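Note sheet for the following structure.
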Amino acid sequence: HQSCHSCRGPGINECLTCAVPRFLNNSTCETECPAGSYATRQEADGQQLGFCLPCDHICSSCTGPSPRDCLTCSSGFLQLFQLCVIHCPTGYYKKGSHCEKCDESCELCTGPGPESCRRCPLPLLEVDGTKLCVERCPHRFYQYNEICKQCHISCQTCTDSSPQSCETCDRGSTLKDKVCYPRCEEGRYFSEEEICESCDSSCRHCTGPRPDQCLLCHNDFALHAVENRCARCCQAAANHTNC
């Protein structure tokens, strides 16, 4: 056939070699190589011959000269420049089907910017305030993204850091509406000596003797969500919790 440089018969699909700008693909001379293959050239007897060669299985399309010089990656792989990898390497994070470089201040990260820096490689979790990398958060910690953050002191297990997010309690406390209440009467807490001791006068319920260990406040007082202190509401009609 006229499209062939050499052939084994007269048909269009009986080519043995193709002259550039055509490329041999399944015994046919094509002007472009199909998806999943790349064009390459070889010289023979002073003639440039063209061939379509298959991409590596990790590439859905590739450029050559290596079958692993990927343009796009097969399902299950992530693109890193012209490479297709299963996991992004250290210093890169997954974004869609690509690996993007971390901020210069990060060795490991989960996204762009210095606020996404992390210390533990995925899928391990970083225990906040320690150098530990763990598969699951320990008791008294809850998972927030890829970090284990500490529960409120009153909780044994929890869903966030507030005293109203407990799932289980220590001995000496009772769980009610996601709050761990001491078994002692109002204004007292169950101490390490296993006796009921007085709370600070600002607390209605507490986990210890200090004013920053309040669980619930007296009327007209509001519990600070972070400091666990009871503060007097500014106005009777003010929009404070617990007022």
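The values are calculated or read from the model by the stated rules, or taken from the named source; none is laboratory data. Since the structure is predicted, the reported quantities are computational estimates derived from the model, not experimental observations. Here the Cβ positions follow ideal geometry from the backbone for every residue, glycine too, while neighbour counts run over all protein chains shown.
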**Subset of the range 171-186 (residues that are crowded, with 16+ Cβ neighbours inside 10 Å and not hydrophobic (A, V, I, L, M, F, W, C))** = Gly172, Ser173, Tyr181, Pro182
**Message:** Can you list the strands (runs of 3 or more DSSP E) lying wholly within the range 129-179 that have 2 or more residues being of a type outside the set (S, T, N, Q) and under 18 Å from Glu192 (Cβ atoms)?
**Reply:** none
**Message:** Checking Lys94 against (1) at pLDDT 90 or above; (2) out of contact with any strand residue (DSSP E or B) (no Cβ under 7 Å at 6 or more places or on another chain), only one condition comes out false. Which one?
**Reply:** (2)
**Prompt:** Does Glu126 qualify as being out of contact with any Ser or Thr (no Cβ under 7 Å at 6 or more places or on another chain), farther than 25 Å from Phe77 by Cβ and not in a loop (DSSP other than H, G, I, E, B)?
**Reply:** yes
**Prompt:** Which of the residues that make up the range 19-35 are in a loop (DSSP other than H, G, I, E, B) and touching a Ser or Thr at 6+ places or on another chain (Cβ under 7 Å)?
**Reply:** Pro21, Arg22, Ala35
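For (1) surrounded by 13 or more Cβ atoms within 10 Å (Cβ to Cβ); (2) more than 14 Å from the chain's Cα centre (by Cα); (3) closer than 30 Å to Leu175 by Cβ, each residue gets a yes or a no:
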{"residue": "Leu78", "(1), (2), (3)": "yes, yes, no"}
{"residue": "Leu83", "(1), (2), (3)": "yes, yes, no"}
{"residue": "Ile86", "(1), (2), (3)": "no, yes, no"}
{"residue": "Lys101", "(1), (2), (3)": "yes, yes, no"}
{"residue": "Glu107", "(1), (2), (3)": "no, yes, no"}
{"residue": "Pro114", "(1), (2), (3)": "no, yes, no"}
{"residue": "Arg119", "(1), (2), (3)": "yes, no, no"}
{"residue": "Pro123", "(1), (2), (3)": "no, no, no"}
{"residue": "Gln156", "(1), (2), (3)": "yes, yes, yes"}
**Asked** What number goes with the only condition from (1) at pLDDT 85 or above; (2) loosely packed, with under 13 Cβ neighbours inside 10 Å; (3) among the hydroxyl-bearing types (Ser, Thr, Tyr) that Ser162 does not pass?
**Response** (2)
**Message:** Here's a check for you: in the range 130-144, which residue that is loosely packed, with under 14 Cβ neighbours inside 10 Å and modelled with pLDDT of 85 or more is nearest to Cys169 (Cα to Cα)?
**Reply:** His139
**Request:** Filter the range 189-204 down to residues that are at pLDDT 90 or above and assigned to a strand (DSSP E or B) and give me whichever is surrounded by the most Cβ atoms within 10 Å (Cβ to Cβ).
**Result:** Cys203
**Message:** I'm trying to understand the selection: among the residues of the range 17-29, which are surrounded by fewer than 14 Cβ atoms within 10 Å (Cβ to Cβ) and of a type outside the set (S, T, N, Q)?
**Reply:** Pro21
**Item:** Verdict on Ser3 being modelled with pLDDT under 90, surrounded by 13 or more Cβ atoms within 10 Å (Cβ to Cβ) and either assigned to a strand (DSSP E or B) or not aliphatic (A, V, I, L, M) (or both)
**Value:** yes
